[in-house]
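The values are calculated or read from the model by the stated rules, or taken from the named source; none is laboratory data. Nothing here was measured: the structure is a model prediction, and the numbers come from that model. Virtual Cβ from ideal backbone geometry, glycine too; neighbours counted across all protein chains shown.
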Amino acid sequence: MGAIQVTGLGKAYRQYASRWGRLAEWLLPFSRPRHQQKWVLHDISFAVAPGEAIGIIGINGAGKSTLLKLITGTSQPTRGTVSLQGRVAALLELGMGFHPDFTGRQNAYMAGQLIGLSAEDIHALMPEIEAFAEIGDYIDMPVRVYSSGMQMRLAFSVATCKRPDILIVDEALSVGDAYFQHKSFNRIREFAKQGTTLLIVSHDKAAIQSICHRAILLEHGRVAMEGEPEAVMDYYNALIAENGNRTVQQTQLADGRTQTVSGTGEAAVAEIGLYNARGEAIEVVKCGEPLELRVSVQVNTDLDALVLGYGIKDRLGQVMYGTNTWHTGQVLKQLKAGQRHQFSIRFPANFGVGSYSVQTALVDSDTHLSANYEWRDYAVVFDVINADKPVFAGSLWLDSQIEITP
């Protein structure tokens, strides 16, 4: 079983005013320093227990890839320590370790030996590597003729041909086609079930929330938040929209979940509730039951436009359905401070048995990135039960009809 311990990790690069300063330091090693240190990681500490899956998220430049390089040993930290227990397989930069003039098969042998496999092991595993990569005759052609997706297929197939104790994956999977991404994440999930420790960097919210037990958000080289994947992803999405006088707040709900509210406050949800066909407020819903979501929005400053968006998420935080009044052609224009508007949204509860939540967004267009008045997670929480439908699996109820003919 693999484990990872990161303690006080920091990384700084030297910045010189000119190339002559670098040369002077080489020639006069005991003279005054002629460089400044640019810190890209600051005091990073966390532990990954055997069999645990951790997701690393953050905007470009936050330090995610640098952190993985320090953990895998391809770069050395300026301060702090990294302790690894078990055999490590890492998939960092696309095609790292591949020689463009060698064939895919030759590169597979070299890459396999770099992760601790013997030539005999690779020879025995080569049929499985070829079958998983699905690149056909290209396996015996030079890698320089491969597309980025083909390189990804081969690199992932080699790195995961034998279950490692620790699997570290950077964003390289994002270059693959949808079919291979699905296939790769299935293998990652199987490894996780068998006890492999996972450390994965991805912008794919669904992947992080479905695979990982915890998530770590990096911002400006520091740990900004660590916790449940859904709470961290909600905070991350709020930070993306943050600028100027926008704020991000997180509060603990009575059931232990973390609610994230962000925005400028120029408009806000004053009241929200879920009601049945009789107009009664409800928290437990029967599958297929007609529902009404009532939202009262308070306008706090004069606005040129107001758009209400909503989404329904499952217990893992994955959006089952979402839309907004921009897409439905119902944008409110030229609003005055002090106005209040009532929105009524009707839909059938065609969801599977489980716990769901409603998130709301008040913006000025089809996205929250231009003007985020308010973004609210867990605005409403409700449970779906199956009272009168045939037994079914999944998060969606389809009133399907099955016909059988002789």
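Things to note:
Per-residue answers, yes or no, for (1) among the hydrophobic types (A, V, I, L, M, F, W, C); (2) more than 24 Å from A349 (Cα to Cα):
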| site | (1), (2) |
| --- | --- |
| R222 | no, yes |
| A231 | yes, yes |
| G265 | no, yes |
| I272 | yes, no |
| V299 | yes, yes |
| L303 | yes, yes |
| G317 | no, no |
| Y321 | no, no |
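- Pairs with Cβ under 8 Å, 6+ apart, first in segment 201-214 and closer than 18 Å to L67 by Cα and surrounded by fewer than 19 Cβ atoms within 10 Å (Cβ to Cβ), second at pLDDT below 80 and among the small types (G, A, S): H203/S174
- Flag if D101 is of a type in the set (D, E, K, R), over 26 Å from A238 (Cα atoms) and loosely packed, with under 15 Cβ neighbours inside 10 Å: yes
- Verdict on S355 being under 23 Å from N276 (Cβ atoms), over 31 Å from the mean Cα position of the chain (by Cα) and either assigned to a strand (DSSP E or B) or not charged (D, E, K, R) (or both): no
- Single match in E266, E271 (criterion: surrounded by 19 or more Cβ atoms within 10 Å (Cβ to Cβ) and either at pLDDT below 90 or among the charged types (D, E, K, R) (or both)): E266
- When S344, S357 are checked against the criterion of being under 27 Å from W397 (Cβ atoms), buried (at least 16 other Cβ atoms within 10 Å of the Cβ) and among the small types (G, A, S), a single residue qualifies: S357.
- Of the residues making up segment 40-80, those that are in a strand (DSSP E or B) and within 16 Å of the chain's Cα centre (by Cα) number 5.
- Residue match in segment 362-374 (condition: assigned to a strand (DSSP E or B), in contact (Cβ under 8 Å) with a residue 24 or more places away in the chain and within 17 Å of E292 (Cβ to Cβ)): no
- The residues of segment 5-22 that are in contact with a strand residue (DSSP E or B) (Cβ under 9 Å, 6 or more places away or on another chain) and not in a strand (DSSP E or B), listed by number, are A17, G21, R22.
- Qualifying strands (runs of 3 or more DSSP E) (wholly inside segment 217-329; at least 1 residues being in contact (Cβ under 8 Å) with a residue 60 or more places away in the chain): 222-227, 258-263, 267-275, 284-286, 290-299, 303-313, 319-324
- Qualifying helices (runs of 4 or more DSSP H) (wholly inside segment 82-201; at least 2 residues being within 27 Å of A49 (Cα to Cα) and assigned by TED's automatic domain parsing to the domain that holds T7): 104-114, 148-159, 178-193
- Residue match in segment 175-183 (condition: within 28 Å of S83 (Cα to Cα) and either of a type in the set (A, V, I, L, M) or over 15 Å from the mean Cα position of the chain (by Cα) (or both)): no
Per-residue answers, yes or no, for (1) modelled with pLDDT of 85 or more; (2) in contact with a helix residue (DSSP H, G or I) (Cβ under 6 Å, 6 or more places away or on another chain):
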| residue | (1), (2) |
| --- | --- |
| K162 | yes, no |
| E171 | no, no |
| R187 | yes, no |
| S210 | no, no |
| R222 | yes, no |
| P229 | yes, yes |
| T251 | no, no |
| A254 | no, no |
